[in-house]
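Each value in this text was obtained by applying a stated rule to the coordinates, not by laboratory testing. Not measured: the values here are computed from a predicted model. Heads up, the Cβs are rebuilt from the backbone with ideal geometry, glycines too, and the neighbour counts pull from every protein chain shown.
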């Protein structure tokens with residue numbers, strides 16, 4: 001039974017030198033629903049052991065690789081073994097541990113993009129459907145309360161028919177060749193053998209795509225992409241500009257860059273309908289700006305008593321106390337945990353807690369990457385978005 005205890009998490013990847021591993025661990029434990037009990041934190045067994053020691057895990061629950069972890073954890077008594085697996089590795093190592101975990105009865109929460117390529121993503125969906133196990137993808141920006149408020153405003157038709165969508169994700173950290181200066185994070189993102197066919201669009205462009213589709217509820221149908229590798233010797237893109245067409249006839253622009261010198265992580269979106277528009281910025285996440293044709297501009301704030309039920313449910317503290325990246329990330333883990341707990345107890349999850357990215361979001365993300373690369377190489381002005 002899971003009613004009177006925390007869910008037990010095993011982690012693949014996320015060792016001592018990995019930024020995202022620490023983020024996942026903080027997010028997972030923030031709401032006191034989950035505890036880390038084991039891990040295979042590196043492809044190097046010694047590094048995995050050192051990471052486990054730093055996290056004060058018992059030596060016998062720190063494994064040399066994910067196969068050993070999943071096999072040995074499955075053999076443990078039910079009251080001790082992990083309940084699910086968190087995967088926080090480079091892209092090339094998303095599918096293998098996810099596949100093995102699911103096939104051995106363990107639900108999965110995985111960092112994005114969901115796989116190395118679209119073929120793997122589709123294969124993973126078949127496994128998820130066959131096993132019936134819970135799977136979540138950490139497109140964490142959808143966890144922000146004001147992103148959910150924006151989604152509810154559009155879902156309720158307050159802005160009228162959507163006409164224009166502009167989404168941007170500029171970064172500047174790869175304006176210099178960090179991959180040649182010993183940066184592990186830069187090196188794997190610029191390595192086709194680890195990142196796949198794209199760096200910029202695969203790493204941050206997918207966040208922009210996911211945010212646009214999540215908030216508007218509209219799917220991309222066509223694109224005209226121009227991807228570039230500005231860094232000398234880079235095999236993968238570090239910048240991209242894409243014109244978009246959406247299923248309802250709306251037009252859009254998606255811009256993502258890793259070489260926008262001086263930029264931090266300025267993910268932002270603007271959506272315009274017949275009656276008004278809205279704007280949200282990740283670097284000012286507690287504010288949602290709503291603009292009208294015939295009314296003054298409105299500023300919605302996290303914690304306000306006027307917010308939708310969904311936005312309010314994903315806020316933790318009173319208005320005026322900043323909530324940010326870690327809390328949004330934690331909302332994905334919390335919703336996943338509540339859903340998983342209900343299913344483990346043979347109950348139907350509260351629909352509110354089903355609000356987390358799934359394998360279908362992952363498949364669209366992988367399709368976005370492959371379509372963007374193909375469009376950029378194509379001589380056709382408009383490239384049909386296919387899955």
*Which residues in segment 102-128 place their backbone N less than 20 Å from a point set 7 Å from the Cα of residue 344 along the Cα-to-Cβ direction?*
102-111, 128
_Need one number: nm distance between label points at residue 194 and residue 255, each 7 Å from Cα along Cα→Cβ, rounded to one decimal._
3.0 nm
*Treating the angle as unsigned and between 0 and 90°, give the value, to the nearest 10°, between the Cα long axis of helix 145-155 and the longest Cα principal axis of the chain.*
50 degrees
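Do you know the relative contact order of segment 7-133, to the nearest whole percent, from alpha carbon pairs under 8 angstrom that are 6+ apart? Don't skip to the end; give the middle numbers.
Numbers: 222 pairs, mean separation 29.8, N = 127.
Reported relative contact order: 23 percent.
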*Value of Rg to Rh for segment 157-287 (Rh from inverse mean 1/r over Cα pairs, i.e. Kirkwood)*: 1.02
*Quick one: Kirkwood hydrodynamic radius for the chain, alpha-carbon pairs, angstrom, one decimal?*
21.5 Å
_Antiparallel %, DSSP beta bridges [both residues in the chain], to 5_ = 60 percent
*So for segment 162-220, what percent of the C-alpha to C-alpha distances run longer than 14 Å?*
62 percent
*Which distance in nm do the two modelled labels at residue 292 and residue 20 give, with both placed 7 Å along the Cα-to-Cβ direction?*
4.1 nm
*Hey, what's the Kirkwood Rh for segment 7-133 if you take every pair of different alpha carbons, in angstrom?*
14.4 Å
*Tell me the label-point distance for the pair residue 35, residue 129, using the 7 Å Cα-to-Cβ offset, in nm and rounded to one decimal.*
3.8 nm
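Starting with the fewest neighbours, write out 255, 207 ranked by other beta-carbon atoms found within 10 Å of each beta-carbon. Show your work: numbers first, answer last.
Working: 255 16, 207 22.
The most exposed by this proxy come first: 255, 207.
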*So how tilted is helix 325-344 from the main axis of the chain? Cα-based, degrees 0 to 90, rounded to 10.*
60 degrees
*Can you quote the Å³ per residue value for the convex hull of the Cα atoms in segment 226-373, rounded to an integer?*
184 Å³
*Quick one: helix 66-75 against the long Cα principal axis of the chain, what's the angle to the nearest 10°, folded into 0 to 90?*
60 degrees
